[in-house]
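Here is the structure we will look at.
Just so it is clear, none of the values below were taken in a lab; they were calculated from the coordinates. Remember, it's a predicted structure, so these values are computed and weren't measured experimentally. Note that each Cβ is placed from the backbone with ideal geometry, even for glycine, and that neighbours are counted across all protein chains shown.
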């Protein structure tokens, strides 16, 4: 089945059924469209996210299986517990969203490429302005040591990317966020696709159909009014 081409001038255009996504590459569902707030909200509610390089059109994905974690089921290693006890780091929320995204987009050791294009950065900054996208910052003194960002809809947090400049800083961001998500009433964290790093932190794969059923259940439910206001 050919990929559906999305109309960039119609953000309300429905996505195709995720079960029609390609198996190779895994989860590629549609091409084109736009990155408006409305389009992105519609995508995430249906388990779909954009992921593409600078020289490509917008590509929309819904992989199978899906990597997820339930707040409260994260794994904290002995060494990470030791790092937390030292009290080196301070954690905040939504203090410098754009800086966190820029740090996540910075070249990694194994590649100079990044999927966080300027277009993606501007789109998620708009989501942040609408209190839909959020960041977690980890500080060592006044220096930004690590962090992560993602999209929050109902009782689901869709993790997008994380970074670290100092040892364990991204892990501190992750486990601190998981603690707060549980307190605020979140039921599910989407980690998108398998990575051994996230599996080591407690993430597990589930079938796409099961994941989308959970989205139907949780994306319309409310969380605590204190969400994203604590740190």
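Suppose the filter is buried (at least 17 other Cβ atoms within 10 Å of the Cβ) and either within 23 Å of residue 133 (Cα to Cα) or more than 20 Å from the chain's Cα centre (by Cα) (or both); does residue 3 pass it? Judged against the criteria, residue 3 is not a match. Those strands (runs of 3 or more DSSP E) of the stretch 106-224 in which 2 or more residues are over 20 Å from residue 89 (Cβ atoms) and touching a helix residue (DSSP H, G or I) at 6+ places or on another chain (Cβ under 7 Å) occupy 143-153, 156-164, 188-192.
Here's the yes/no breakdown for (1) buried (at least 19 other Cβ atoms within 10 Å of the Cβ); (2) under 23 Å from residue 17 (Cα atoms); (3) free of Cβ contacts under 8 Å to residues at least 12 places away in the same chain; (4) over 17 Å from the mean Cα position of the chain (by Cα):
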| residue | (1), (2), (3), (4) |
| --- | --- |
| 193 | no, yes, no, no |
| 203 | yes, no, no, no |
| 207 | no, yes, no, yes |
| 213 | no, yes, yes, yes |
| 224 | no, no, no, yes |
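Taking the conditions (1) surrounded by fewer than 20 Cβ atoms within 10 Å (Cβ to Cβ); (2) in contact with a strand residue (DSSP E or B) (Cβ under 6 Å, 6 or more places away or on another chain) in turn, residue 103 satisfies each one other than (1). Taking the criterion of being closer than 23 Å to residue 210 by Cα, within 17 Å of the chain's Cα centre (by Cα) and assigned to a loop (DSSP other than H, G, I, E, B), the residues of the stretch 53-103 that qualify are 62, 63, 64, 65, 70, 71, 74.
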